[in-house]
Amino acid sequence: MNLGDKLAGKRVLVTGASSGLGENFARLAAGCKAQVVIAARRKSRLDALAKDLEQLGSPQVTVVEMDAASEQSIDDAFAAIDASGDVLDVVINNAGVSGEGASLTLPTKAYDDLMAVNVRAVWLVAVRAARRWQAAGRGGSIVNIASIQGERVMPGITPYSTSKAAVVHMTKSLALEWARYGIRVNAIEPGYIGTEMTDAMWETDYGKALIKRIPMRRLGKPEDLNGLLLLLATDAGSWMTGACVPVDGGHLCSSL
């Protein structure tokens with residue numbers, strides 16, 4: 001049995017599923033014959049994606065409109081998930097935003113808005129899933145999408161790096177707190193990945209210079225994360241919790 005077979009029939013929530021890594025994870029889960037719940041703000045994009053997921057083999061696709069910056073929206077999303085089918089088995093906590101700017105001139109609101117999605121929403125989604133698993137007397141798997149920026153830093157993106165460091169530490173702390181309930185919490189730390197949001201940047205001289213600093217000398221693809229995602233999401237990784245694993249072409253181990 002391969003790792004994909006272990007996801008078959010499981011109910012998987014993917015936040016931030018309307019594009020980028022979230023869309024990739026949703027397609028992966030559907031191809032593994034999982035029941036897929038896709039959540040994001042852009043419902044029209046989710047509706048289009050849902051048709052593709054059905055064709056890929058998902059036995060049930062649930063579309064949930066969710067604004068990760070709003071606690072009420074997250075609560076409403078979970079109420080809709082509860083009403084639409086079985087208890088979740090896996091949560092892929094992927095919703096996030098990027099941000100850049102010099103810290104000396106960055107508006108406080110820009111910092112707060114980024115933290116609301118990249119940190120607070122990760123917490124809110126994880127807690128709501130865990131409460132349901134604890135009440136049902138069952139375990140589950142949460143996979144948070146962090147970043148190598150949670151381990152190392154670069155100029156001009158201090159709030160983003162701070163948010164991803166918070167996700168790394170949150171992952172470890174929740175894993176410790178919830179292990180007794182059979183709830184596993186792990187994180188993937190992607191390196192530089194080409195997505196719809198960043199493709200234009202990688203064509204610039206600056207972007208090309210960044211790629212040259214990756215030991216494997218290439219940009220990552222969303223599907224490069226799939227093997228680790230399946231390991232962490234399924235019982236193939238049943239003795240893994242609190243792990244924060246980089247997938248970065250060797251970037252974190254490169255020389256300073």
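Evaluate the following for residue 40: is it crowded, with 24+ Cβ neighbours inside 10 Å and more than 20 Å from residue 75 (Cα to Cα)?
Values: crowded, with 24+ Cβ neighbours inside 10 Å: yes; more than 20 Å from residue 75 (Cα to Cα): no.
For residue 40, the condition - crowded, with 24+ Cβ neighbours inside 10 Å and more than 20 Å from residue 75 (Cα to Cα) - is not met.
Annotation note: Cβ proximity below 7 Å between a residue of segment 1-16 that is touching a residue at least 24 places away in the same chain (Cβ under 8 Å) and a residue that is of a type in the set (Ser, Thr, Tyr) (sequence gap 6+ or interchain) occurs for 3/234; 6/234; 7/234.
Remark: residue 105 falls outside the filter, which requires a residue to be of a type in the set (S, T, N, Q), surrounded by 15 or more Cβ atoms within 10 Å (Cβ to Cβ) and not in a helix (DSSP H, G or I). All of 50, 30 fail the test of being within 18 Å of the chain's Cα centre (by Cα) and either within 14 Å of residue 233 (Cβ to Cβ) or not hydroxyl-bearing (Ser, Thr, Tyr) (or both), apart from 30. Only one of (1) closer than 21 Å to residue 171 by Cα; (2) of a type in the set (D, E, K, R); (3) at pLDDT below 95 is not met by residue 86, so which one is it? Result: residue 86 fails condition (1) only. With the requirement that a residue be among the charged types (D, E, K, R) and under 16 Å from the mean Cα position of the chain (by Cα), what does segment 157-195 give you? 164, 172, 184, 189, listed by residue number. The single condition among (1) of a type in the set (D, E, K, R); (2) in a loop (DSSP other than H, G, I, E, B); (3) under 16 Å from residue 15 (Cα atoms) that residue 86 does not meet is (3).
The values are calculated or read from the model by the stated rules, or taken from the named source; none is laboratory data. The structure presented is a predicted model; accordingly, all values stated were derived computationally and were not measured. Neighbour counts are summed over all protein chains in view; Cβ atoms, including those assigned to glycine, are modelled from backbone coordinates with ideal geometry.
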